[in-house]
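The values are calculated or read from the model by the stated rules, or taken from the named source; none is laboratory data. Keep in mind that what you see is a predicted model, and the values were worked out from it rather than measured. Positions of Cβ are backbone-derived with ideal geometry, glycine not excepted, and every protein chain shown enters the neighbour counts. For the accessible areas, the whole protein counts, side chains as well, though only heavy atoms, and no ligand, DNA or RNA atoms are used. Shrake-Rupley method; radii C 1.70, N 1.55, O 1.52, S 1.80 Å.
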Amino acid sequence: MTIEERRSAEAPSVWMDGVRLGYPRLRAAGAELLGEGLAFTDLTRLFEQTSERSYVDVCHLNERGYALMAEAVIEEFARVLR
């Protein structure tokens, strides 16, 4: 995360509470889907490899964030459809 994103994430926010509580549950549900043989890809760590700012606030992506998300989704669709 960039410095601005880190500051935004550290500020008290019901959105960040949702991330802290919800993401582990979403990851667990994704693992269950995989265990059932269904296609699932966890993109919750999509932005770990970039130093560019990807969010405009604690919830909404900026243009670069949306582009990275779109690329990842397209790659996963192509992988699953093969």
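Data table
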read-out	value
Percent carbon-and-sulfur accessible area, the chain, ignoring ligands, DNA and RNA, probe 1.4 Å	59
40, 47, 77, reordered so the largest accessible area comes first (probe 1.4 Å)	77, 40, 47
Relative contact order %, the chain, counting alpha carbon pairs below 8 Å whose residues are six or more apart	33
Amide N of the stretch 59-75 lying under 18 Å from the label point, which is placed 7 angstrom from the Cα of residue 39 along Cα→Cβ	69-75
CD proxy at 222 nm, helix term only [per DSSP H run n ≥ 4: -39500 (n - 2.57); per residue of the chain; nearest 500]	-20000 deg cm²/dmol
Built amide H within the under 5 Å cut-off of residue 55, gap 5+	62
